[in-house]
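The values are calculated or read from the model by the stated rules, or taken from the named source; none is laboratory data. In this text the structure is predicted, and so the values were computed from the model without any measurement. FYI the Cβ positions are ideal-geometry reconstructions off the backbone, even for glycines, and counts take in every protein chain you see. Please note that ligands, DNA and RNA were not included when accessible areas were found on the heavy atoms of the full protein model with its side chains. Shrake-Rupley method; radii C 1.70, N 1.55, O 1.52, S 1.80 Å.
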Amino acid sequence: MIIKHNAIQIVKTLQGHGFEAYFAGGCVRDMIMGKESADYDIATNALPQDILKLFEKTIPVGVQFGVVIVVQNNHTFEVATFRTESSYNDGRHPDSVTFCTPEADVKRRDFTINGLLYDPIKNEILDYVGGREDISQGIIRTIGNPIERFTEDKLRLIRAVRFACRFHFPIHTDTRQAIIQLAPQIHVVSAERIREELEKILTGPNPHIGIQLLDELHLLQEILPEVSDMKGVRQPENFHPEGDVFVHTLLCLSKLVPVIEQEKGKPSFTLAMGVLLHDIGKTSTFVELDRIRFNLHEKVGADMAAKICDRLKTSGAEKERIVWLVLKHLYFKDAQKMRLNKLKRLFANEGYPELAELCRIDALASSGDLSDYHFCQDMFSKLSHEEVKPKPLITGHDLIALGLKPSPLFKDILTKIEDEQLDGNIATKEAAIKEAKIIISKMNTVLQ
């Protein structure tokens with residue numbers, strides 16, 4: 001409510017100096033739907049130079065397009081002059097803008113539900129595009145001609161899907177047909193912007209519906225053809241009674257929930273991508289011999305996931321985590337037979353909570369057997385941080401003191417010592433030195 005109060009003060013200031021000023025777009029939509037908005041944008045007939053003069057703290061981020069950021073009590077608000085936009089030669093940004101009336105400004109916006117203005121002083125809504133009716137009926141519809149709206153900004157093709165998922169609204173028939181027609185043109189949008197919209201779909205409400213919609217609207221084959229290829233890839237019915245790989249993946253996405261406190265009510269992008277791509281390798285590893293098999297699909301899938309992350313220009317850390325989740329997603333099925341050191345190394349990875357959630361979801365969306373998941377989680381909860389990631393008992397300096405010269409063998413020796421430590425077989429430096437001598441002796445025997 002503090003943010004809304006600050007936004008109202010900006011409107012009051014503008015109106016007090018003789019200008020029109022309204023809340024615009026998503027915050028008005030959210031208000032009508034009974035939701036508290038996190039952002040309040042303001043539209044006005046004040047020119048950028050007027051806005052810069054009226055407010056003490058401003059950031060002229062897009063003056064040439066009539067946009068100024070106003071800082072009010074440490075909160076930022078986008079204040080934009082009513083404008084129409086010219087041609088869009090790059091399919092994303094207008095070549096120029098012309099300042100105009102409130103009605104003309106609204107009619108160049110994307111969807112009717114986002115095309116509302118609200119005067120918080122008079123408590124009046126201005127609706128030039130039927131936005132209130134579409135909110136009431138639950139419809140995602142472009143303002144005016146859908147081909148024109150999408151041609152202006154191709155990113156709107158994916159944004160339509162995001163809003164449909166967020167509000168669980170169907171997309172109007174004419175809008176759907178325009179998306180299908182223009183889907184091949186999505187590539188004029190930068191990979192970064194596509195990834196941002198995909199992230200909002202995958203970490204928002206109903207990500208399974210989002211991927212299904214992207215497929216129905218022919219966008220999935222354009223931005224994630226590897227996921228589209230999972231359709232029709234059969235699975236053994238005894239392990240996957242739910243259906244093919246694509247159906248399984250959608251079912252997994254429907255079960256996404258937050259797993260760490262920092263996520264604030266939504267799953268992380270890396271977990272969501274891990275869920276989306278965990279079986280991506282099955283398309284190229286499918287064989288049917290004694291039964292349907294997907295040998296090494298986790299390794300093939302990890303390589304494919306890395307290429308997808310590169311194409312979407314994810315951060316290095318995101319790519320590393322997503323690839324790791326795909327590579328390790330089958331680990332839990334062998335957990336009850338693993339040596340303790342291998343399990344502890346798994347638990348020590350920062351990505352373990354997300355891997356555990358991926359494995360839980362994967363099991364729920366197939367056999368429903370959570371015994372491996374519960375085994376790992378019970379083990380994880382019982383072990384302290386010191387037990388999972390203990391301080392090394394010896395280092396390379398100790399191996400040098402034993403007469404060894406630094407070499408790649410150091411890593412092998414220290415890893416074997418760490419394995420014994422994690423298994424609980426040794427607990428002191430003296431025991432580690434003794435074990436190191438045994439390992440070195442065996443290595444020397446082999447070399448001789």
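Observations on the model:
- Residues that are hydrophobic (A, V, I, L, M, F, W, C) and in contact with an Asp or Glu (Cβ under 7 Å, 6 or more places away or on another chain) occur in the range 168-184; there is at least one.
- So G301, is it in a loop (DSSP other than H, G, I, E, B) and small (G, A, S): no
- Scanning the range 305-323 for residues that are open to solvent by 40 Å² or more (accessible area, probe 1.4 Å) and assigned to a helix (DSSP H, G or I) turns up K307, D310, R311, G316, A317, E318, K319, E320, R321.
- Remark: Q64 falls outside the filter, which requires a residue to be of a type outside the set (S, T, Y), more than 23 Å from R109 (Cβ to Cβ) and open to solvent by 30 Å² or more (accessible area, probe 1.4 Å).
- Summed over the range 165-176, residues that are assigned to a helix (DSSP H, G or I), out of contact with any helix residue (DSSP H, G or I) (no Cβ under 6 Å at 6 or more places or on another chain), touching a residue at least 24 places away in the same chain (Cβ under 8 Å) and not aromatic (F, W, Y) total 2.
- All positions within the range 36-57 that are in a loop (DSSP other than H, G, I, E, B) and either without any contact (Cβ under 8 Å) to a residue 24 or more places away in the chain or open to solvent by 20 Å² or more (accessible area, probe 1.4 Å) (or both): E36, A38, D39, N45, L47, E56, K57
- Residue count for the range 227-247 satisfying the condition of being touching a residue at least 40 places away in the same chain (Cβ under 8 Å) and closer than 19 Å to I180 by Cα: 2.
- Total residues in the range 9-35, condition among the aromatic types (F, W, Y) and surrounded by fewer than 18 Cβ atoms within 10 Å (Cβ to Cβ): 1
- Of residues in the range 67-97 being modelled with pLDDT of 85 or more and not in a strand (DSSP E or B), the one surrounded by the fewest Cβ atoms within 10 Å (Cβ to Cβ): N74
- Some residue of the range 362-384 being among the basic types (K, R) and in contact (Cβ under 8 Å) with a residue 40 or more places away in the chain: no
- For the residues R345, R339, R360, the requirement of being under 25 Å from L250 (Cβ atoms) and open to solvent by 30 Å² or more (accessible area, probe 1.4 Å) singles out R360.
- Note on the range 343-360: residues that are in contact (Cβ under 8 Å) with a residue 60 or more places away in the chain, more than 17 Å from the chain's Cα centre (by Cα) and more than 13 Å from Q377 (Cα to Cα) amount to 1.
- Helices (runs of 4 or more DSSP H) wholly inside the range 367-448 that include at least 2 residues being among the basic types (K, R) and exposed (fewer than 13 other Cβ atoms within 10 Å of the Cβ): 429-447
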